[in-house]
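Worksheet: the structure to be examined is printed underneath.
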Amino acid sequence: MKIATWNVNSLKVRLQHVLEWLQQTDCDVLGLQELKQDNAANEKIIDEFKNIGYHFVYNAQKTYNGVALVSKYPLTDVVLDIPDYADEQKRVIAATINGVRVICAYFVNGEALDSPKFQYKLTWLENLIRYVGDETKKHDKLVLLGDYNIAPQANDTHDPESWEGNILCSVPERAAFNQLINLGLTDSFRMFNQEDKQFSWWDYRNFAFRRNMGLRIDHLLISDALKTVATDCIIDKAPRKLERPSDHTPVVLTLSI
DNA sequence: ATGGCAGTGCCTCACTGA
């Protein structure tokens, strides 16, 4: 079973990339973030996924945010948003797929440490941590995947000197990431790759991809029950090389189930 | 010190992103 995460930065623009990537990689489950389109636009593309053998469920918002789960297997107990947290922004969708609880999330960016958006980020993170904590008690096999907008360690940035302490790399953001780890979750990518400069996002500007000036901010955290069956986790840089790419590229986890 | 690029919509500018 292969499970992936991909921030597509507009599904309208990236639909063909996604459809072709699914067929090429034979991925079973794909969590998408930043669809940037409303319910009507999402309804219109359900058949495009159906035609190649995938279900498509979504939590839509016009212009900003928006998340979805694409799966070969049926999705059950689909839950939109973080329960008991009033949030107008559509950032979370969860479902049980082939016995695995999959939570797909587009974490808040935060803009800057002195921005009101950063306070929103911290509150959002608190609520997510509570939610995921509840879910880990209910589901043995669980994955929290998505665009975390957090680089967990200094070596997850191309230039620690300029990033350390700043947005995506600050102490409270990393503390929140560690709280997720302390729920019993494991950063699956680091189980298989401990090298520096392994990135999932590169700025569109300054030839950042070509120069490998990026960040590792897209993650799949897995519960112990999945850790024992995880066989690989890779960053697939191929889609970042296509015409009009997303600035993020997929991260793919392989499980022997 | 600043902006670089890309996407969306109140669309020739503003806002957001990371």
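Taken together, the values in this text are just the output of simple stated rules run on the coordinates, not laboratory data. Just so you know, these numbers come straight off a predicted model, no measurement behind them. Quick reminder, even Gly has a Cβ in these numbers, built from the backbone with ideal geometry, and neighbours come from all protein chains shown.
Going by neighbour counts of Cβ atoms within 10 Å, the residues A:Met1, A:Met191 line up, fewest first, as A:Met191, A:Met1. For the pair segment A:72-97 / segment A:119-187, the C-alpha centres are spaced 18 Å from each other. Given their separation in residues at 0.36 nm each and the Cα-Cα distance between them, A:Lys197 and A:Leu122 gain 24.4 nm when the chain is fully extended. Our coupling estimate for segment A:140-145, obtained by passing each phi through the Karplus curve with A = 6.51, B = -1.76, C = 1.60 and θ = phi - 60°, is 5, 9, 9, 10, 10, 10 Hz, Gly and Pro reported as x. Entry note, segment A:88-150: relative contact order of 40 percent, from Cα contacts under 8 Å with a spacing of 6+ residues. For segment A:178-195, putting each phi into the Karplus relation 6.51 cos²θ - 1.76 cosθ + 1.60 with θ = phi - 60° gives couplings of 5, 5, 5, 4, 5, 6, x, 9, 10, 6, 5, 4, 6, 5, 10, 8, 10, 6 Hz, in residue order, rounded to whole numbers and with x for Gly and Pro. Cβ crowding within 10 Å, taken as a proxy for footprinting-reagent exposure, orders A:Cys104, A:Cys233 from fewest neighbours to most as A:Cys233, A:Cys104.
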